[in-house]
Amino acid sequence: MDWQLVFAILPQVVMDGLVLGFMYALIALGYTMVYGVLELINFAHSEIFMVGAFVGVEVLLLLKAGGILDPLNPFLILILIVLAGMAVSGILAVVVERVAYRPLRGAPRLIPLISAIGVSFFLQDAVRLGVSLWRNAFYLTYPSFAVFNKRIELGETVDFSVKSILVVAASLLMLFALQFLVTRTKLGKAIRAVAEDQPTASLMGINVNRMISLTFLIGGAMGGAAGVLFGVQYNTINPFTGFIPGIKAFTAAVLGGIGNIPGAMVGGLVLGLLEAFAASYLSLFTGGAFGAEYKDIFAFSILILILIFRPRGLLGEVVRERA
Amino acid sequence: MSERSGRPVVVNLLVLGLIGGSAALVWVVPRSILAFMLFQASLVVVYYAPLSFRAKMAYAALGLGLLMPVLGTHNGYYMEVAIQVGIFVALALGLNIVVGLAGLLDLGYVAFYAVGAYLWAVFGSPQAGKFISATFVTFPLAPGWFFVFLVLGIAVAAVTGVLLGLPVLRLRGDYLAIVTLGFGEVIRVLANNLDKPWNITNGPKGITPIERPPLFFEPALRAVGIEASPFTLYPLYFYFLILGIVVVVILVNQRLEHSHVGRAWEAIREDEVAAQAMGVPLVRMKLLAFAAGASFAGIMGVMFSAKQLFINPESFTFLESIGVLAMVILGGMGSIPGAIIGASVVTILNLQVLKGISLWLNDLRNAGIEIFGYNLANLPSQFEPAKYERMVFGIILILMMIYRPEGIIPARRRRLERFDRGHEERPAP
Amino acid sequence: MSAILLEARRVTKRFGGLVAVNAVDFTLEEGVIASIIGPNGAGKTTLFNVFTGIYHPEDGDVLVQGRSVIELTPDRITALGVCRTFQNIRLFKNMTVLENALVGMHTRVQLRLWDVLARTPTFGREEGQAVRRALDLLDVVGLRGQEDALARNLPYGDQRRLEIARALAASPKVLLLDEPTAGMTQGEAQSLMGFLRRLIREFGLTILLIEHNMRVVMEVSDRVTVLDYGEKIAEGRPAEVQRNPRVIEAYLGRGRATGQAAVP
């Protein structure tokens, strides 16, 4: 066991884990907020995330075709596409709720879940259809920016790209903004009231439908932002890129405590770090038998273990079935 | 029955005419997908027609036992469609037990199918020789072992079902769904990566060539004067094997449903706390549901391997799990005829309708037709309707949940219908 | 001295910081109709849930015919002869009346999987017997003729009766009824009580009620136990309990108990 190697790559692994973790945290917020108000696993959220990524790449490609991509400040462009992604994804999430979930409010729990799965699949092919017709391809690549790809070195073995820092910084910013919204504003309080007890909230004069739509808007926007950042970070996207990150982000939300917003952040970071560790160290520790390809199973195993042994997650409350 | 003395004759003639006529049409115009769909629809009509049970069975035997195989030899593609429908009917019936009867939303059902498929694929091909030394046994096993593995597939899949069920027993509905999804993905990743340290599944390259069951009846056929090549014989062989298994699966399903087991499952679906308080052993019943559902997928997996001659992890993804779920939901959760209809409709949609649209579109493209000033020859080549199964599944799931969650043939109505019609014995509850 | 069918020894059930049931002792003798009463939130249903295995007590023990059952799952306890109804009716709504009753018989059906799959003669016999017995039970509760109605379409009173039939199907020795007369008129409640007495005679049952209807409790019970805030505060014959100042105080407040008139 080459312990020297283990420690040498540790900072890099941590950095990778943080980048991954913040992205998962952003996506997990969408899952956890929707689950908080509707007790529904919004399966389609992974596609909301994916749509954000496509919005980002489309804007960039359009700018490029118009010749105005290069002269503009890359950081400005980044802000532009993130905002665009947030807007489109947020609105899409609201539309999805209106069309596919609201008619099923009050139905037994599995019914809206199945509808959500349907929306997820529909969106995958809908995006594929649209992009195929528009660009005759559905694997798209983000144009890259030299300044983003520049690497900063920190000591001998650790280096990370500027875009990693941007992803982390952008995520942090949005997480703080959301936390502020939810805990310090009247709107946030209304959302929390609806999550806590819908009938009472409506008796208190809160427009429950509007709060639910707002929840979807915010969660969707977070997912869309994560999508753009994902595209910037990993470059190639396709209509099916949402699926695996979606499940992992949901795992993160459950890990932190579903319905709990700080929990989603914590869960995302923990999962990201665990996954980075698995990816880098698994083959070292198993003598090459099981390598990084198993990192997905790693995330699924965590999900299964949590749901069996500590379903309330790290920060969640115990929920009990009353007889 | 006296007031209906004239009716049965007319109905019988109509049904016979419909089935025979559509079959003849298919024979004459073998390339017409619409004609074949008409023939398939005529078989559905048999189900709804006001005929005695015996008459319906006779027509089903005629249509499925004679006409379909004949049409299948005339146009091999229809044989393929019929075989696929048969496989998915069995899968849908299996998932119907887990989701429809017991109310456990299993999103990873394809894992059991994969287990059965890989079971035969590994031992019925040289693959097993790559990790088992050849001192006692050489691989592939003799083709006759296929039949043993059909039974083995049931057992192994059932055990896998129990292993999956054990940890998820206490999980609530939506969490159970996600965990089963995870399991399905785990199986897929395992299939994709178990080529080292020992090469069990051969990874993404898949396994081939896989043995087919022996044509043991060939000498008998030749004695009667029928000379047929394996090329024509094998599709028929598989068709009848699958048909036979489907019939058994339907029987098993019915018998389970109309017994204390089926009632226990439905009670668990309705209110598991109350069910347990009434003496229903939750653990045992849930595991039984998983095992039963899994076993149907397992045996069909073995069949699939032998038919395809080549399998790889790409056939066993989340898409397939959701496909089977869409079939059960479209047809009607907890309803046996529902599962059959659902599987048939969805498979035909994917294999025939989408493909038909693709072909039609290609014809239009080649002819350079214009719609609203847009020349279809300009349609991007990447646009291939045949591949849009996800959209089909998605729309089915959403629309069914909103407008008809009980499915095309709801479970409850059928039972009351049979009782109302009076000439059926009161069914066992 | 009759056998003690159900016994609770210092049973304590906590939910986080809340003590729902606090060191309660309870015995139920064979052939008796006993009632548990107390203000809302006193822990009565929680106690039932502990008896039937739905909750696991933090402390204490529950014995059915002398055998400890706190480690058993509810279905095992039902097999031992204790069955219950629920405060909010928990029928299997999309199943028929007959099917609901048949589910109750699950523990009594002696069939192996093979019998079910192969439809052996044993299957025909057991199923036939089960259906006949279920129909008899429906007859007893007055639901004969409605076997094929869906449980969710029944009127409220009939649903309550179906719940009782379902519980009886498990051939219990002890029947736990959680607020069986809730939502009934006085007349309906009286007839239900007459019916319960009949059950005791015909089936040799022992009955334990949770009830809020005081007239019913006083008329029908051999013994009454009073809970308040999770503790047993009184126990005895109905007339004694009725006069107990602590009981009156629990229900009506301190002033009444000492004889002072309520403040206008």
Quiz prompt | Proxy reagent accessibility, fewest Cβ within 10 Å first, across C:114, B:27 | solution = C:114, B:27
Self-check item: Gyration tensor (alpha-carbon) shape descriptor, the protein assembly as shown, a/c threshold 1.5
Solution: oblate
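How big is the dipole moment of the protein assembly as shown about its Cα centre under a simple scheme where the beta carbon of each Lys and Arg is +1, that of each Asp and Glu is -1, and everything else is neutral? Debye, nearest 20, please. Could the numbers behind the result be given before it?
Working: 85 positive and 74 negative charges, 254 e Å.
The calculation lands at about 1220 debye.
Compute the Rg/Rh shape ratio of the stretch C:93-171: radius of gyration over Kirkwood radius, all on alpha-carbon atoms.
1.02
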Self-check item: Nearest-20 debye value, the stretch A:3-309 charge dipole, Cβ charges on Lys, Arg, Asp, Glu
Solution: 780
Quiz item: How far is it, in nm, from the label point at residue A:64 to the one at residue A:6 when both lie 7 Å from their Cα along the line to the Cβ?
Solution: 4.3
Quiz prompt | Value at 222 nm in deg cm²/dmol, rounded to 500, when DSSP H runs of n ≥ 4 in chain B each add -39,500 (n - 2.57) | solution = -21000 deg cm²/dmol
Quiz item: For a paramagnetic label modelled at 7 Å from the Cα of residue A:183 toward its Cβ, which residues of the stretch A:203-234 fall within the zone defined by backbone nitrogen distances under 18 Å?
Solution: none
Quiz item: FRET efficiency for residue A:317 and residue C:201, Cβ-Cβ distance as r, R0 = 51 Å, nearest 0.05?
Solution: 0.55
Exercise. Using the Karplus curve 6.51 cos²θ - 1.76 cosθ + 1.60 with θ = phi - 60°, work out ³J(HN,Hα) for each residue of the stretch B:30-37 in order, rounded to whole Hz, and write x for Gly and Pro.
Key: x, 8, 7, 5, 5, 4, 5, 5
Quiz item: Each label point is 7 Å from the Cα along the Cα-to-Cβ direction; what then is the distance between the points at residue B:170 and residue C:219, in nm?
Solution: 4.4
Self-check item: Longest to shortest principal axis, alpha-carbon extents of the stretch C:44-117, angstrom
Solution: 44, 30, 17
Exercise. Send over the per residue convex hull volume for chain B, Cα only, as a whole number of Å³.
Key: 192
Practice problem: Have a look at B:305, B:228, B:344 and report the one farthest towards the positive end of the charge dipole of the stretch B:75-420, computed about the Cα centre with Cβ charges (Lys/Arg +1, Asp/Glu -1). | Solution: B:305
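Quote the FRET efficiency, to the nearest 0.05, computed for residue B:25 versus residue B:221 with a Förster distance R0 of 30 Å and r equal to the Cβ-Cβ distance. Mind dumping the intermediate values first?
Numbers: r = 29 Å, r/R0 = 0.97.
Plugging the Cβ-Cβ distance into 1/(1 + (r/R0)^6) gives 0.55.
Can you bin the stretch B:1-74 into rounded, prolate or oblate? Criterion: square roots of the alpha carbon gyration tensor eigenvalues sorted a ≥ b ≥ c, rounded for a/c under 1.5, prolate for a/b above b/c, oblate for the rest.
In terms of gyration-tensor shape, prolate.
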Exercise. Determine the percent antiparallel among the DSSP beta bridges restricted to the protein assembly as shown, to the nearest 5.
Key: 65
Quiz item: With θ set to phi - 60° and the Karplus curve 6.51 cos²θ - 1.76 cosθ + 1.60, what are the ³J(HN,Hα) couplings of the stretch A:83-100 in order, to the nearest whole Hz, using x for Gly and Pro?
Solution: 4, 4, x, 4, 4, 5, 5, x, 5, 4, 4, 5, 4, 4, 4, 4, 7, 10
Quiz prompt | Ranked A:148, C:15, B:316, criterion: other C-beta atoms within 10 Å, fewest first | solution = C:15, A:148, B:316
Quiz item: Which whole-Hz ³J(HN,Hα) couplings does the stretch B:69-85 yield from phi under the Karplus relation 6.51 cos²θ - 1.76 cosθ + 1.60, θ = phi - 60°, glycine and proline marked x?
Solution: x, 4, 4, x, 6, 5, 10, x, 5, 5, 4, 4, 4, 4, 5, 4, 4
Quiz item: When the helices in chain A are scored as -39500 (n - 2.57) per DSSP H run of 4 or longer and the sum is shared across all residues, what 222 nm value do you end up with, to the nearest 500 deg cm²/dmol?
Solution: -24500 deg cm²/dmol
Quiz item: By the scheme Lys and Arg +1, Asp and Glu -1, what is the net charge of all other residues having a beta-carbon under 9 Å from that of residue A:161?
Solution: +2
Exercise. Determine, for C:120, C:206, the number of other Cβ atoms within 10 Å of each Cβ, and report the residues in order from fewest to most.
Key: C:120, C:206
Quiz item: Working out 0.36 nm times the residue gap between residue B:384 and residue B:10, then minus their Cα-Cα distance, what length gain in nm do you get to one decimal?
Solution: 130.1 nm
Quiz prompt | Net charge over other residues, Cβ less than 15 angstrom from the Cβ of residue B:74 (K, R count +1; D, E count -1) | solution = 0
Quiz item: Contour minus end-to-end for residue A:173 and residue A:153, with contour as 0.36 nm per residue of separation and end-to-end as the Cα-Cα distance?
Solution: 4.8 nm
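Counting DSSP beta bridges with both partners in chain C, what percentage is antiparallel, nearest 5?
Of all bridge pairs located within chain C, approximately 55 percent are antiparallel.
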Self-check item: Cross-link table A:295/B:205; C:44/C:232; A:248/B:205, entries beyond 22 Å C-alpha to C-alpha
Solution: A:248/B:205
Quiz item: Just how far, in whole angstrom, is the stretch A:50-108 from the stretch C:144-189 if you go by their alpha carbon centroids?
Solution: 56
Quiz prompt | Listed residues B:324, B:186, B:267: farthest to the positive end of the dipole of the stretch B:75-420 (Cβ charges) | solution = B:267
Practice problem: Please check which bits of the stretch A:111-143 a label hung off residue B:314 would reach, taking the label as a point 7 Å along Cα-to-C-beta and the cut-off as backbone N under 12 Å. | Solution: none
Quiz prompt | chain B - charge dipole about Cα centre, Lys and Arg +1 at Cβ, Asp and Glu -1, debye rounded to 20 | solution = 480
Exercise. Rank B:82, C:226, B:216 by how far each Cα sits towards the positive end of the charge dipole of the protein assembly as shown (+1 on Lys, Arg Cβ; -1 on Asp, Glu Cβ) and give me just the farthest.
Key: C:226
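Can you work out the FRET efficiency for the pair residue B:254 and residue B:66, with r the C-beta to C-beta distance and R0 = 25 Å, to the nearest 0.05? Could you put the intermediate results ahead of the total?
Values: r = 24 Å, r/R0 = 0.97.
Efficiency for this residue pair is about 0.55.
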Practice problem: Using amide H atoms built 1.01 Å from N in the peptide plane, name the residues 5+ places from residue C:36, or on other chains, whose amide H lies under 5 Å from its own. | Solution: C:209, C:210, C:211, C:225
Quiz item: Which length gain, in nm to one decimal place, applies between residue B:57 and residue B:137 when the Cα-Cα distance is subtracted from 0.36 nm times their residue separation?
Solution: 24.3 nm
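FYI, it's all coordinate maths here, none of it is from the lab. In this text, all values refer to a predicted model and were calculated from it rather than measured experimentally. Ideal geometry is used to build each Cβ from the backbone, glycine not excepted, and the neighbour counts take in all protein chains shown.
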